[in-house]
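The values are calculated or read from the model by the stated rules, or taken from the named source; none is laboratory data. The model shown is predicted, which means the values in this text are computed figures rather than measured ones. FYI the Cβ positions are ideal-geometry reconstructions off the backbone, even for glycines, and counts take in every protein chain you see.
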Amino acid sequence: MIPRVRRITALCALAAALTACGTVSGDRPAPAASPSSPASPSSTRPPVLAPGPGGLTPVFEHGPRDRGKTVALTFDADMTADQGPRAASGEHFDNPALIGALRALKVPATVFMTGRWADQYPAEARDLGRDPRFEVANHSWSHYAFTADCYGLPTVDAGRMREDVQRAYTSLRAAGVPRPMPYFRFPGGCYDQQALRALSGLGVTAVQWDVVSGDAFATDADAVVKQVLDGVKPGSVVVMHCTRSAAPTTERVVRTVVPELRRRGYRFVKVSELIGQAGTAR
Ligand SMILES: [Zn+2]
């Protein structure tokens, strides 16, 4: 078992590098559609969690443990607001080979995409958004932190948090993602009551995880594989990255982890399915 501190360090490393560069209701009606709302009125509305006390944005970490062996792989498509020059000079924040592997292995997955990434790679964002195998959700526009002291990431002012999430939805739609999901992943996974309050009323469910893959800046794919296989339980949400320069082993990890988890009886699902299961949990 790899100590937790090491896993946190890996996430921290990714966040830091990217800076300079880491009561439920399944049938609850989604919020009314508006230019900034994630759901479109004609689509089937994805399951979301009911808001917490005072309308606080709900947080989801994993699905029920007693509903069979399901696991959701999630991939953060990270890119911070100030990384355009690095992309222009040839650094790959995308990872088409990873997406190709997921397709070849027929693995459904959820991609948490920054708006900045969608702006940089609109064709790839559209391709992901139109492929029913994937669901595309929101990872902020800027990939700046929503709390202080989040692995060295620059911080979004509290008054602009909401706008940053809405701007990401605008970028995803502009790229051609037809139905971005009402799920939001905080950059670095950092949030507090103020951040949850700032996003209340947007209709999003914040999605964390219970398994850190440790793929950020990993050079030893086997160690990442072991960390995932040791960590997965029924209902788990695994966080990985869809940013080749910052997570170069992820494709190899997926090609090993997927057949092994299937051999152990696991079925891969999207985050929406786990949230839907949670909505009918006893
Ligand atoms: Zn991220």
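General remarks:
- Scanning the range 200-212 for residues that are touching a Leu at 6+ places or on another chain (Cβ under 9 Å) and in a loop (DSSP other than H, G, I, E, B) turns up just one, 200.
- Residues in the range 228-244 that are touching a helix residue (DSSP H, G or I) at 6+ places or on another chain (Cβ under 7 Å) and buried (at least 18 other Cβ atoms within 10 Å of the Cβ): 228, 232, 235, 237, 238, 240, 241, 242.
- Annotation note: Cβ proximity below 6 Å between a residue of the range 152-169 that is on the phi > 0 side of the Ramachandran plot and a residue that is crowded, with 16+ Cβ neighbours inside 10 Å and in a helix (DSSP H, G or I) (sequence gap 6+ or interchain) occurs for 152/16; 152/19.
- Test result for residue 216, buried (at least 24 other Cβ atoms within 10 Å of the Cβ) and within 16 Å of the ligand (Cβ to nearest atom): yes
- Filter result for residue 57 (modelled with pLDDT of 50 or more, within 18 Å of the chain's Cα centre (by Cα) and within 16 Å of the ligand (Cβ to nearest atom)): no
- Some residue of the range 178-188 being at pLDDT 95 or above, under 20 Å from residue 241 (Cβ atoms) and aliphatic (A, V, I, L, M): yes
- Search result, residues across the range 111-134 that are touching a helix residue (DSSP H, G or I) at 6+ places or on another chain (Cβ under 6 Å), buried (at least 24 other Cβ atoms within 10 Å of the Cβ) and not hydrophobic (A, V, I, L, M, F, W, C): 115
- Matching residues in the range 66-108 - criterion: being over 16 Å from the mean Cα position of the chain (by Cα), assigned to a loop (DSSP other than H, G, I, E, B) and either exposed (fewer than 15 other Cβ atoms within 10 Å of the Cβ) or not small (Gly, Ala, Ser) (or both): 66, 67, 68, 69, 82, 83, 89, 90, 91, 92, 105, 106
- Residue within the range 252-264 that is away from the ligand (no atom under 16 Å from the Cβ), aliphatic (A, V, I, L, M) and either surrounded by fewer than 23 Cβ atoms within 10 Å (Cβ to Cβ) or under 23 Å from residue 148 (Cβ atoms) (or both) present: yes
- Residues satisfying the stated conditions in the range 166-187, i.e. closer than 15 Å to residue 56 by Cβ and more than 13 Å from the ligand (Cβ to nearest atom): none
- Neighbours by Cβ (under 6 Å, 6+ apart or cross-chain): first from the range 83-110, over 19 Å from residue 240 (Cα atoms) and of a type in the set (A, V, I, L, M, F, W, C); second surrounded by fewer than 22 Cβ atoms within 10 Å (Cβ to Cβ) and modelled with pLDDT of 95 or more: 87/120
- Exactly one residue out of 81, 125 is within 16 Å of the ligand (Cβ to nearest atom) and either at pLDDT 95 or above or of a type in the set (Lys, Arg) (or both): that is 125.
- For the residues 150, 190, the requirement of being more than 21 Å from residue 275 (Cα to Cα), within 16 Å of the ligand (Cβ to nearest atom) and under 18 Å from the mean Cα position of the chain (by Cα) singles out 150.
- Boolean, residue 143 is crowded, with 16+ Cβ neighbours inside 10 Å and either more than 15 Å from the ligand (Cβ to nearest atom) or on the phi > 0 side of the Ramachandran plot (or both): yes
- Set 238, 258, 225, 253: member being in a strand (DSSP E or B) and either among the hydrophobic types (A, V, I, L, M, F, W, C) or over 18 Å from residue 101 (Cα atoms) (or both): 238
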